[in-house]
Amino acid sequence: MVPLIGDGVADTKKVLFEITEEHLDTGLRGFPVGTCRTSSVDPIEGVHYVGYPVADLALLDPEAVVYLLFNKELPNAEQLVAFKADLAGRAKVDRSVIDMLKVLPKEGHPMEWLIAGLTFLGMTGKTGDFREDGLNMIARSGELIANIFRIRSGWGDPIPSKPELGLVENMVHMMGAPAVDAERLTKLLRIYYVLHADHGGGNLSTFVGKSVASGLADQYSSLAASMAGLYGPLHGRANQECLEFIQKVGTTDPDKVEAFVRAEVATGGKIYGFGHAVLRAEDPRAKVQYALGEELCPNDPWFRTSVVLRERAVKVLMENPKIQNPYPNVDAVSGALTNACGLTDPEYYTVLFGFSRISGIAAQIVDERLVARGGKGVPIYRCKYIARDQPKRRLNA
Ligand code: MLT
């Protein structure tokens with residue numbers, strides 16, 4: 001068996017992967033299919049954005065990280081001011097987008113609203129230029145998402161945008177969530193934005209977005225497709241399921257938590273927030289969030305439960321030699337923090353993940369469309385499937 005490789009930068013001179021029968025129907029797990037200039041995922045050290053470990057970037061302005069993903073360099077102070085002003089200038093959402101949200105069925109999941117909303121944004125303001133549309137979409141998605149919260153939850157009329165506040169600050173302002181300490185939520189969501197922005201080239205939502213863009217669909221449609229990928233419970237929607245799981249554990253007593261995990265494992269249940277397709281150590285994004293929780297909500301019962309799970313779930317999962325990664329991932333604690341900061345409906349959590357991940361995927365699409373292969377771009381995705389269970393037949397034979 002050829003060892004699986006991570007999401008690292010490919011050395012194109014080497015034979016990277018030998019494909020044998022056993023690799024088929026494995027969801028392309030570990031197959032090198034392209035190169036990525038925005039981020040890389042080391043199985044032990046976790047994600048790096050353009051070479052920087054994500055934990056080093058956690059306290060930067062989200063806009064500085066967007067700049068990094070697009071320009072492959074961190075901005076200096078002057079460039080950051082100019083970039084924030086540029087994004088603020090792009091944050092114009094056509095009123096018809098918000099009107100269309102008002103008629104969406106409330107029983108639709110917030111991610112279904114996001115998928116629809118990105119399509120509406122595309123129908124009302126695209127330029128057809130991947131870079132321009134990528135930056136416009138990043139600048140406009142805050143207003144879209146704030147209104148998904150507001151309109152679907154029945155919190156009242158839209159709140160006028162103040163783009164000069166900043167990407168995340170303006171989103172929290174426009175969301176106007178009742179009973180929320182906006183300062184605490186903003187602090188959380190700024191860090192959350194940085195941590196969730198990108199995760200190599202091969203995660204499902206990113207791969208889907210780049211595939212769709214390879215057919216020369218525009219950024220908005222590509223990202224709507226990406227968000228459909230992120231919607232699945234095995235991908236982004238795991239952050240919703242994680243809080244529900246923590247609440248099901250329902251205790252901070254370490255022995256009871258351990259007994260709960262053992263019972264779940266024994267009955268084939270999933271331990272949400274643990275393990276990862278690529279990582280083989282604790283996700284640095286989880287580490288940052290555990291530390292943040294000690295600062296923002298040290299006494300919150302769900303946060304405390306997640307801290308106990310960090311120790312006891314790992315202990316139980318490590319007993320099974322078949323489990324390659326028993327450690328917490330990015331979702332293990334994010335829901336507990338979001339809940340403690342006042343956004344208590346877990347159905348919305350994947351939308352917050354999407355708000356951030358749009359930036360990494362859009363930047364990767366720009367690289368694939370406008371930079372790769374000396375500017376020619378990656379050709380339309382067209383992989384090969386081996387025919388199976390299809391004996392040759394004829395009608396009327
Ligand atoms: C993540 O952020 O962990 C992902 O998008 C999942 C992955 O890398 O496959």
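Things worth noting here:
- Equivalent ellipsoid semi-axes - Cα gyration tensor, region 137-282, angstrom: 31, 24, 14
- Whole-percent carbon and sulfur share, accessible surface of region 238-340, 1.4 Å: 53 percent
- Note on the chain: dipole from Cβ charges, positive end direction compared against Val33, Leu185, Pro105; the farthest Cα belongs to Val33.
- Note on the chain: with a GNM built from Cα contacts shorter than 10 Å, the maximum mean-square fluctuation among Ala77, Ala387, Ala55 falls on Ala387.
- Volume of the Cα convex hull of region 73-168, divided per residue and given in Å³: 106 Å³
- Top of Phe31, Phe149, Phe120 by mean-square fluctuation, Gaussian network on the chain, Cα under 10 Å: Phe31
- Under a model in which nothing but the beta-carbon of Lys, Arg (+1) and Asp, Glu (-1) is charged, region 335-396 shows a dipole of about 880 debye around its Cα centre.
- Local net charge near Gly128, Cβ-Cβ under 13 Å (Lys/Arg +1, Asp/Glu -1): -1
- Comparing Leu292, Val308, Ala340 along the charge dipole axis of region 238-340, the residue lying farthest to the positive side is Val308, per the Cβ-charge model.
- Gain in span if fully extended, Ile323 to Leu395, counting 0.36 nm per residue against the direct Cα distance: 21.0 nm
- For region 187-258, the fraction of alpha-carbon pairs in successive 10 Å shells from zero, as %: 18, 34, 28, 14, 5, 1
- Here the convex hull built on the C-alpha positions of region 311-361 has a volume of 111 cubic angstrom per residue.
- Size of electric dipole in the chain: Cβ of Lys, Arg +1 and of Asp, Glu -1, about Cα centre, debye, nearest 20: 1280 debye
- Among Asp253, Asp300, Asp367, the largest mean-square fluctuation in a Gaussian network model of the chain (Cα springs under 10 Å) belongs to Asp253.
- Sites Asp345 and Glu21, calculated FRET efficiency, Cβ-Cβ separation with R0 51 Å, nearest 0.05: 0.65
- Alpha-carbon Rg/Rh ratio, for region 254-391, with Rh computed the Kirkwood way: 1.11
- Counting only protein heavy atoms and a 1.4 Å probe, the chain has 46 square angstrom of accessible area per residue.
- Centre separation in Å (Cα based) which lies between region 309-362 and region 49-93: 24 Å
- Where only DSSP H runs of four or more residues are counted, the chain gives -16500 deg cm²/dmol as its mean residue ellipticity at 222 nm, each run worth -39500 (n - 2.57).
- Global dimensions of the chain from alpha-carbon coordinates: Rg and Dmax equal 21.4, 75 Å.
- Exposed loop sites were defined as trypsin sites (Lys or Arg not before Pro) in DSSP loop states (anything but H, G, I, E or B) carrying at most 11 other C-beta atoms within 10 Å; in the chain the longest segment without such a site runs 107-321.
- Debye, to nearest 20: dipole size of region 238-340, +1 on Lys, Arg Cβ, -1 on Asp, Glu Cβ: 280 debye
The values are calculated or read from the model by the stated rules, or taken from the named source; none is laboratory data. Just so it is clear, the model here is predicted, and its values are computed rather than measured. With ideal geometry, Cβ positions are generated from the backbone for all residues, glycine too; neighbour counts draw on all protein chains shown. Surface accessibility is based on the protein's heavy atoms, side chains included, excluding ligands, DNA and RNA. Shrake-Rupley method; radii C 1.70, N 1.55, O 1.52, S 1.80 Å.
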